[in-house]
Every structure is written in C-alpha cells, then in structure tokens.
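Peer 1: Structure below; questions to follow.
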Amino acid sequence: MSKQLFRVRKASPADAQQIRDVHVLAGKGPDSLERNNKSVLRWMDERVAADYLQEMQTEVFVVAEIDSQLCGFGAVNLAKAEITSVYVDPDFTRQGIASSLVGLMELAATDAGLPALELQAAGGALTFYEKQGYAYVTSPATTGPLWAQMRKAL
C-alpha cells in the first residue's frame, strides 16, 4: 500500500465507535501480540463505544485519520504520566502514524507540565519506542519475556 496523507488530532466523543473498530482490527492484525490471546481478543470484541467514552473522562485520546476515516489512535493518562494505548489499523502501518500519535500525546503531556512519560511495551513495540526516545526502566528479562517499562524525559 502506498503512503497516504493523514492528520492527527485530539479525539472527540464522536470518534468512540471508530476508535473501538481500530482497536479490534489492530488487535487481530498480523503484527499484534494479542492476536493469539483468546481472552484479550474476547475482551476487545466485547468492548463498545461507551467503554471508550468512559476512558475519555480520565485519558486524553488522540486519533489519526485519512479522508475522515480513523486509522489509528492513542491514549495518555496525564494524571499517571503514562501512555496507555497506541494502535494503528494494520492496513495503514509503516506510514509514520504511530510516531505522530506518540508525538501528539507527548505534546499534551508537555502542555500539562509533565517532565516525563512512561509506558509498557512488548515485542516489536520495544524497538519502536526506543526509536521515539524511550529508554528501559525495567529490562524485558526482569518483567517477563516480552514486556518492559519504558520512560522518556520530555
């Protein structure tokens, strides 16, 4: 697939259903660690737009869109200084969407006066977040074979 123009912005409540749809698509995608975890897939399938609306009360959601269609989203909990989600529709990966979502969440954190952000990452996301400037707080070996806590000073 050729690279397409996208834009990132803060999510609105009207985006909740498309956020849910992207979450499910990404969770079942070929690069997803979750695609083989039946309990996680069941949890994703059972979620509804109202679940994301509720999370929007405590987290800042950002979205990426191409021609008014959401192709990715991220969420950051500013009270905990933690990125909690970054998901991109598998049809739109490798186009810089995830990097742009992370950048917008970092901007929101900086605007909120946060000195740093943390996150938990797994598998291929570890390398992605390293390229975004995140460093290991815990190594994958101490938290299990695939997961690590990461942090970036803003």
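Peer 1: Take the residues of the stretch 106-121 that are of a type in the set (Asp, Glu) and without any contact (Cβ under 8 Å) to a residue 40 or more places away in the chain: which is surrounded by the most Cβ atoms within 10 Å (Cβ to Cβ)?
Peer 2: Among residues in the stretch 106-121 that are of a type in the set (Asp, Glu) and without any contact (Cβ under 8 Å) to a residue 40 or more places away in the chain, the one surrounded by the most Cβ atoms within 10 Å (Cβ to Cβ) is Glu118.
Peer 1: Next up: Any residue that is within 20 Å of Val8 (Cα to Cα) and among the basic types (Lys, Arg) - is there at least one of those in the stretch 125-137?
Peer 2: Within the stretch 125-137, one or more residues are within 20 Å of Val8 (Cα to Cα) and among the basic types (Lys, Arg).
Peer 1: Let me ask you something else. Can you tell me which residues in the stretch 2-16 are more than 13 Å from Ser68 (Cα to Cα) and either modelled with pLDDT under 95 or part of a helix (DSSP H, G or I) (or both)?
Peer 2: Ser2, Lys3, Pro13, Ala16
Peer 1: Any chance the stretch 93-105 includes a residue that's in contact with a Leu (Cβ under 7 Å, 6 or more places away or on another chain) and crowded, with 19+ Cβ neighbours inside 10 Å?
Peer 2: No, the stretch 93-105 has no match at all.
Peer 1: I would also like to ask the following. So, in the stretch 57-68, how many residues would count as being modelled with pLDDT of 95 or more and farther than 14 Å from Ala108 by Cα?
Peer 2: Count: 4.
Peer 1: For the stretch 40-93, give me each residue that is of a type in the set (Ser, Thr, Tyr) and either under 27 Å from Tyr134 (Cα atoms) or in contact (Cβ under 8 Å) with a residue 40 or more places away in the chain (or both).
Peer 2: Scanning the stretch 40-93 gives Tyr52, Thr58, Thr84, Ser85, Tyr87, Thr93.
Peer 1: Just give me the residues in the stretch 136-154 being modelled with pLDDT of 90 or more and either of a type in the set (D, E, K, R) or exposed (fewer than 12 other Cβ atoms within 10 Å of the Cβ) (or both), in sequence order.
Peer 2: Arg151, Lys152, Ala153
The values are calculated or read from the model by the stated rules, or taken from the named source; none is laboratory data. All values reported here derive from a predicted model rather than from experimental measurement. Reconstructed Cβ throughout: ideal geometry from the backbone, glycine too, with neighbour counts over all protein chains shown.
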